[in-house]
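The values are calculated or read from the model by the stated rules, or taken from the named source; none is laboratory data. Note that the structure is predicted; figures quoted are calculated from it, not measured. Virtual Cβ from ideal backbone geometry, glycine too; neighbours counted across all protein chains shown. Accessible surface areas use protein heavy atoms only, side chains included; no ligands, DNA or RNA. Shrake-Rupley method; radii C 1.70, N 1.55, O 1.52, S 1.80 Å.
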Amino acid sequence: IDTKIYDIYLPKLNLIIEYHGNYWHCNPEIYPADYFNKKKKMLAKEIWEYDNNKLYLAINNNYNYLIIWEKEYKKNKDIIKEKILKYAKN
């Protein structure tokens, strides 16, 4: 697959990282499925389906995959480093 469609790719860990902004990816903890994202001109459930397709594409091609939500990043700025280190230890 073309890893350029993802936010970050770390070849040494075979790890794809996606940073999901709460608004742009319609965090399901915040937005209902029928929320219409005016910027993307899509319903939240359509955005989730698109994101899930990217996830399954990566996993089906044997990539490790990590999603960081904006909401969790704002609570813990070290979360990305912490999660990457877990992959590095394996």
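Side notes on the structure shown:
- Lys12-Lys71 FRET efficiency (beta carbon distance; Förster radius 30 Å; 0.05 resolution): 0.60
- Surface composition of region 42-90: carbon plus sulfur atoms contribute 50% of the solvent-accessible area (1.4 Å probe, protein chains only, all chains present).
- Trypsin sites (Lys or Arg not before Pro) restricted to region 1-66 and DSSP loop, no more than 11 other C-beta within 10 Å: Lys38, Lys39, Lys41
- Here the Kirkwood formula, the inverse mean of 1/r across different C-alpha pairs, assigns the chain a hydrodynamic radius of 14.0 Å.
- D_trans [Stokes-Einstein, Kirkwood Rh over alpha-carbon pairs] for region 39-90, 4 °C, 1.567 mPa s, µm² s⁻¹: 100 µm²/s
- Taking Cα centre as origin and charging only the Cβ of basic (Lys, Arg, +1) and acidic (Asp, Glu, -1) residues, the dipole magnitude of the chain rounds to 280 debye.
- Residues Tyr19, Tyr65 ordered from highest to lowest accessible area at a 1.4 Å probe: Tyr19, Tyr65.
- The residues of the chain expose, per residue, 69 Å² of accessible area to a 1.4 Å probe.
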